[in-house]
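In what follows, a single structure is set out as structure tokens and then discussed.
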Amino acid sequence: MLIVYWQTVLLLIAVFRVMVAGCVTMHVLLNKKDVGAAIGWIGIAILMPFTGGTLYAMFGINRVHRRARKLIGRASWHSRTLSSRWKRAEEGRFAPLAQMVGKLTGRPLMGGNQVEMLHNGDEVYPQMLAAIDAASSSVLLCSYIFRGDEAGERFLAALIQAHRRGVAVRVLVDGIGSGYFRCAVASALRRAGVPVARFMHSMLPWRMPFINMRNHKKILVVDGHLGFMGGLNIGVENLMATHPRHPVADTHFRLEGPIVHQLTEAFAQDWSFAWGDDLAPASIFPEVTWKGDTLARIVTAGPDSDLEKIEYTMLQAITMARQSVRLMTPYFLPGERFLTELALAALRGIEVDIVVPRHSNHTLIDWARSANLPRFLDSGCRVWQARPPFNHSKLMVVDRHWTFVGSSNLDVRSLRLNFEINLETYDDALAARIDDFIAIHRLDRLTHHDLDRRRLPTRLRDSAARLLLPYL
């Protein structure tokens, strides 16, 4: 009798294993576009049905896309930038790129903007704080990292003071980047009555794949007229004058003109996603005026309805290059598509310069990068190590005319898993400034000899780290 009982139990377990593996396989076949990822998930589900099924339920299902679809069309501000009278079209050789990005993003190219390049917290923070102090109607702030240190305390004080004088303040921080178990900044803002949301934060991992997908955007919009965006987080490490233990140099951009409406729209979409309520359009979309001559457009990307739009924009821009492609990024681990496009550009005679830090703040990424670089060198791309300190800037310039800047790194995580925001501009003067900035940070050119002289254990370590490329 006991034998029959255990035989029945084992049979039920076997049937359940087959059912779990079958359900995972069917879901993967219907929903996973990437063949490699699909094969991987099916393989682990067949070999380890219970473990594989649990992991897939937690990290393999894109609940973000499903949740985003419920929000599409709900917001009353959604088409504000589409009807702007400041819409402009790019003329000349880059017109096909401008047209493609317009179709890709659904956002028009906006004329009448002024875009100013700023550096490090020493220059950026005072301007951001002054803008918050002068705010009269609204302050919208989004930051991946918002530390509760000396730099963060200044922003906390400014935001709370703005809230107390009647300004509509909304703060959005990432659920991991600004602290998962404890977020001092969010707690302080809540105590002061300031509406604050933690993006995709949950103590229940099955509710959302919170580890994989982060809001990496850095946005500040004040009164709907003045905006800041780029790569700069809020933390004392960005203040070079204080000589922090681990300094982080970075680049940020000050925006004025019609483009601020698109920056506001990007924040409002994320706020609706995280908070569940829409922002009143009248308070965040005031009338704007012509401020300069720069053509600009916001490009967002994330594992929702904006999937891979930043990567597609960069790929198309590389195909448009006739003289040069300059890239500066703290983390350089692109996928096969990006590698192929850069290699083809170099092979057809385009000057391709890639500037990376000698050492970033993520050692594992540095190891994987070393194993990935030979393929770029083989095609004729020039790879440079940047001048210290560690530079967190994310910059791209094509032919000293088109620029693409913002929060997105050049790695698979940033291009496909994170929520990111970039700004494309068509402006010779701005492009020249950014191009020159990249050029002056080229310190040492990496060669095959530099990579080949690594010892065997080091090469094995780097190659093993490269296998984690989709998750770094």
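Summary of computed values
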read-out: Where a label projected 7 Å from the Cα of ARG466 along Cα→Cβ would reach, residues of segment 318-361 with amide N under 15 Å; value: 332-337, 339-340
read-out: Per principal axis, descending, Cα span of the chain in whole Å; value: 84, 57, 46
read-out: Sequence ranges 395-401, 11-17, 150-156, 286-292, ranked by mean other-Cβ count within 10 angstrom, highest first; value: 395-401, 150-156, 286-292, 11-17
read-out: Cα gyration tensor of segment 221-358 - equivalent ellipsoid semi-axes, whole Å, descending; value: 30, 22, 17
read-out: Spatial separation of Cα centroids for segment 112-142 and segment 408-453, in angstrom; value: 24
read-out: Percent accessible area from carbon and sulfur atoms, the chain, protein chains only, probe 1.4 Å; value: 59
read-out: Hull shadow area, averaged, segment 248-287 [alpha-carbon convex hull, nm²]; value: 4.0
read-out: Sum of -39500 (n - 2.57) over DSSP H runs of 4+, divided by residues of the chain (222 nm, nearest 500); value: -13000 deg cm²/dmol
read-out: The chain: antiparallel DSSP beta bridges as a percent of all, rounded to 5; value: 65
read-out: Alpha carbon convex hull of segment 223-267, volume per residue in cubic angstrom; value: 86
read-out: Under 27 Å from LYS309, Cα to Cα: lysines that are on another chain or at least 8 residues apart; value: LYS32, LYS33, LYS70, LYS87, LYS103, LYS217, LYS218, LYS394
read-out: Kirkwood hydrodynamic radius of segment 84-145, from inverse mean 1/r over distinct Cα pairs, in Å; value: 15.0
read-out: Cβ crowding within 10 Å averaged over residues, with 319-331, 215-227, 160-172 ranked highest first; value: 215-227, 319-331, 160-172
read-out: Heavy-atom surface of segment 293-387, accessible at 1.4 Å and reported per residue (Å²); value: 33
read-out: Summed residue charge, Cβ within 11 Å of THR447's Cβ, Lys/Arg positive, Asp/Glu negative; value: 0
read-out: Cα Rg, Dmax (largest Cα-Cα span) when computed across segment 345-472, Å; value: 15.3, 47
read-out: Potential lengthening between ALA429 and THR363 on full extension [0.36 nm per residue; Cα-Cα distance subtracted]; value: 20.2 nm
read-out: Surrounding net charge for GLU90, when Lys and Arg each add one and Asp and Glu each subtract one, Cβ distance under 14 Å; value: 0
read-out: Sites ILE46 and ARG453, calculated FRET efficiency, Cβ-Cβ separation with R0 45 Å, nearest 0.05; value: 0.60
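The values are calculated or read from the model by the stated rules, or taken from the named source; none is laboratory data. Computed from a prediction, not measured in an experiment: that's the story for all the values here. For neighbour counting, all protein chains shown are included, and Cβ atoms are generated from backbone atoms with ideal geometry for every residue, glycine included. Heavy atoms of the whole protein, side chains included, go into the accessibility calculation; ligands, DNA and RNA do not. Shrake-Rupley method; radii C 1.70, N 1.55, O 1.52, S 1.80 Å.
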